[in-house]
Amino acid sequence: MMATNSADTSVVAGDLVDRINALAVERTALYRRASDGATPEQRARLKEVEAELAVLWEQRRRARAGQDDADEVPVRRAA
């Protein structure tokens, strides 16, 4: 997805920030639950959330830097 003007860029950036914030809230909740002993599903979800956050932060950095390939960040799979 390539932004064609500043309004498009702010919408994309806003979407990224919204998704980052939502995942950060979920990650915090998962960490709190994990402190009492996480299930294998919760640990797996935590890895997924952390991997997605890494990708989204990289997209955000690229978008802020004005790189056209900001939405083409390679996806790292949770191990």
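Every number in this text was worked out from the coordinates using simple rules, so none of it is lab data. From a predicted model like this one, the values you see are computed outputs, not experimental measurements. Neighbour counts run over all protein chains shown; Cβ positions are idealised from the backbone, glycine included.
Values as computed for the structure displayed
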quantity: Fully extended contour minus Cα-Cα distance, from residue 28 to residue 53, at 0.36 nm per residue; calculated: 7.7 nm
quantity: Computed magnitude of the charge dipole of the range 6-64 (debye, nearest 20; Cβ of K, R +1, Cβ of D, E -1); calculated: 200 debye
quantity: Gyration tensor (alpha-carbon) shape descriptor, the range 6-64, a/c threshold 1.5; calculated: prolate
